[in-house]
Amino acid sequence: MVDELSYISRLRHPNLVLFLGAVTTSSPQMILTEFLSQGSLEDHVARQKVHNRNAGAKHPWLPTARIVHRWCVDLAKALSFLHSCVPPVTHRDLHPSKCLLQDDLHLKVSDFGMSKTLQLDDVEGKPIIRSSALHCWQAPELLRGDGIFDHTVDLYSMGMIYWFIVHGEKPFSKLPQNTVSHAVCELRQRPSLEGIEDRYGAETVLVMGRLWEHQPELRMRAEEVVDEMEACQRRLAPARCDSHGSGPTISGGRTPTSPESGSHTKQCAVQ
């Protein structure tokens, strides 16, 4: 625990929640991080849907293309950074409640309590027991529970989070929770991509399909995702990004001001 905290505490990136300290001598143990005022992505989407409904809107709330692509890029940059560390850092427990939002709605990845640093010649991790409520975010190799996986489990989870972002609901929400694992692992079911291209571009559909490939080695790398989604941003701006969607946009259409924000393949800033 102490060794892992020491390593994680030295990671610095604009799209990672900043680790400030930890208390390891008490029970329960506690981790202190920076505070992000807008809460989690999951809570933000829920609030927007309630506000939209209370306002008597005729159509369900959906985020604008601009904010969708911004969240997708932010998340991919965070994973690209973690996966490029030496040794690589795998989150293993990625879902919308672990994605936190700043005032300007930029996204940061939080909670590395389940993270694991993987040696390059060792792709075996310890099995993780999860509530069936989280199965919709997990890669098949994690759901099987045989303990054999690598950083590509995060890529699968990122694809499912992207689907959540564009639909505002959990993947496989119409299936009983205890059947999701069978549907994903044995039947190889994935959420429908219908209707996404018209609102958010063909690149978004391509990326999602590549991220949740059944075979881990076929999944699109995080740095490739950044390139694809940034290309989609440039192609769709400003016409579609400003006119489509009913959700929030980034304040003033600004991009991150951090000098690191344009770099998504740097190795870890371990100091």
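With a cut-off of 12 Å on the backbone N, the residues of the stretch 195-233 near the modelled label site 7 Å out from R144 along Cα-Cβ are 214-217. Ordered by the count of other Cβ atoms within 10 Å of each Cβ, fewest first, D227, D146 give D146, D227.
Between the beta carbons of R10 and K58, assuming R0 = 45 Å, the FRET efficiency works out to 0.35 to the nearest 0.05. Placing a pseudo-label 7 Å from each Cα along the Cα-to-Cβ vector at E217 and S37 gives an inter-label distance of 4.9 nm. Note on R188 and H51: the extension gain reaches 45.8 nm, defined as 0.36 nm multiplied by sequence separation minus the Cα-Cα distance.
For the stretch 34-107 versus the stretch 205-235, the inter-centroid distance based on Cα atoms is 17 Å. Applying 1/(1 + (r/R0)^6) with r as the Cβ-Cβ distance of D104 and E224 and R0 = 30 angstrom yields a FRET efficiency of 0.70. Among the listed pairs K49/K77; K58/K98; K77/K174; K98/K170, which are separated by more than 22 Å between their Cα atoms? The pairs that break the limit, which is 22 Å between Cα atoms, are K49/K77; K58/K98; K77/K174.
Dividing the alpha-carbon radius of gyration of the stretch 1-93 by the rule-of-thumb value 2.2 N^0.38 Å gives 1.43.
Bear in mind that the values in this text are calculations on the coordinates, not laboratory data. In this text the structure is predicted, and so the values were computed from the model without any measurement. Ideal geometry is used to build each Cβ from the backbone, glycine not excepted, and the neighbour counts take in all protein chains shown.
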